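Structure, as structure tokens:
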Amino acid sequence: MFGLRFIRRGGLIPTVALAALAVLAALQLRAQSPGARPGPPQLGVTAPRSSDARTAYAEGQRAEAQGDWEAAFQAYGQAATLSPGDQTIRARAEFARSALAQERTEEA
């Protein structure tokens, strides 16, 4: 019955509770640490025609900011064609496509 006496004396339970709190505190601190700033991801175009891709991407951002999802989708699509390996461009194109579909559904 050593285990029960240890628990009754307040040894095991407070120790386990303290360890659990330490783990939770560490997780909270890590979750609150400064990371990437919110907002659209930065463009990482490295293709040979990166200037054209950047221009098309910037045009897509302007159209997106104005709520013109049709123009944003077209511009992001052009940028994705010029820089097919860029995941940021592809993600923005998919987001614009989704927003355009939602807009058209609401209009119908």
Worksheet entry | Extended-chain gain in nm, criterion 0.36 nm per residue less alpha-carbon gap, Asp52 and Gln87 | 11.0 nm
Item to complete: Order these peptides, 74-86, 55-67, 93-105, by their mean beta-carbon neighbour count within 10 angstrom, highest first.
Response: 74-86, 55-67, 93-105
Response to the item:
Taking a ≥ b ≥ c as the square roots of the Cα gyration tensor eigenvalues, with a/c under 1.5 meaning rounded and otherwise prolate when a/b beats b/c or oblate if not, the range 50-107 comes out prolate
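Read the figures in this text as sums done on the coordinates, not as results from a lab. Since the model is a prediction, treat every value here as computed from it, not as a measurement. Note: ideal-geometry Cβ built from the backbone for every residue, glycine included; neighbour counts use all protein chains shown.
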